[in-house]
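Laboratory data are not the source of any read-out in this text; all were calculated from the coordinates shown. The model shown is predicted, which means the values in this text are computed figures rather than measured ones. When we count neighbours, we look across all protein chains shown, and the Cβ atoms used for this are built from the backbone with ideal geometry, even at glycine.
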Amino acid sequence: MLAEPRLKTYQQQIDARLDALLPSDSEPPRELARAMRYACLGPGKRIRPILTLATAQATREQEASLALDWGCAVEMVHCFSLIHDDLPALDNDDLRRGRPTTHKVFGEALAILAGDALFALAFEVLSTSGEACGILARACGARGLVAGEVEDLEAEGKDWGADELVRIHHRKTATLLGAACELGALSSAASLTLRSAVREYGQALGMAFQITDDLLNETANSEQLGKAAGSDRDRKKLTFPSVFGIDESRKLAEEWRDRALSHLAPLTGDVQLLRDLALFTTSRSA
Ligand code: FPP
Ligand code: MG
């Protein structure tokens, strides 16, 4: 990850807060709590809640005490989506974050239900703010994450082109990263103009992030990724490398990254970490 000391601190704060927000191992039904904790506390990058914290920092109009909880809510939605994405009915993957997928450890029924409960818990965490609920709901529903996942499945083996590809990646990945950023700005009571700027930053960064994810699926190995490499090609997924090839996809990822950076222009606070995170999206190796 990045050599930025703030990131380690943020990751530790996020993990400690997730640990506190999730049901404890001893809370019945224990298997449900264990499955939720397994999926959520595994070794992920925590890029979405880090974006929420970094955006709150960069737009701070008021002390941002809510950003940590709201970032954790986004991570819960992300983890729900990973559990369901890995199920046999969807992408049927056995490995995630370097460990067996949730359904491999707890069975399919519990994996589905742990995902459902994480989704609900995310909105419980946001429930003191109707606006925050709206931001996350819009990003993950039938015009966001779920729509993107449906079209991602539909696109397998089809001869769909660049427009569909951009729409799918925007919905399945970029909307949630945009929401992570907008929630950070809302938590520090930033203006609508700044909220929109950071949403655009997060969405552009999300496009660069997903194109890089496509590239890594093609070029890295499973040990590096902690999940199956080469699976997109095996399933005939519609990806940037499948439509544009490797070199052109790299260029496009860099273009989205630069677009993300340009959206930071109206911000007057400390944007260094947001800049570094944008650069990290295209240079990452996992
Ligand atoms: C890896 O994130 C995941 C993505 C880049 C998003 C892919 C989109 C989906 C799986 C959508 C699924 C949607 C539904 C509704 C099932 P990451 O590299 O940040 O993973 P990490 O948290 O393990 O680091
Ligand atoms: Mg999928």
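Odds and ends about this structure:
- In terms of surrounding Cβ atoms within a 10 Å radius of their Cβ, LEU95, LEU177 rank from fewest to most as LEU95, LEU177.
- Residue-averaged [θ]222 nm for the chain, counting only DSSP H segments that reach four residues, each worth -39500 (n - 2.57): -21500 deg cm²/dmol
- Shape index of region 209-286: Rg/Rh, with Rg the Cα radius of gyration and Rh the Kirkwood radius from the inverse mean 1/r over Cα pairs, equals 1.06.
- Lys-Lys pairs in the chain that are eight or more residues apart or on separate chains and whose Cα atoms lie under 25 Å of each other come to 25.
- Per-pair calculated FRET efficiency, R0 = 41 Å: LYS158 and SER196 via Cβ, rounded to 0.05: 0.75
- Contour excess over end-to-end distance, with Cα ends at ALA265 and SER24 and 0.36 nm allotted per residue: 82.5 nm
- Space enclosed by the convex hull of the alpha-carbon atoms of the chain, per residue, Å³: 116
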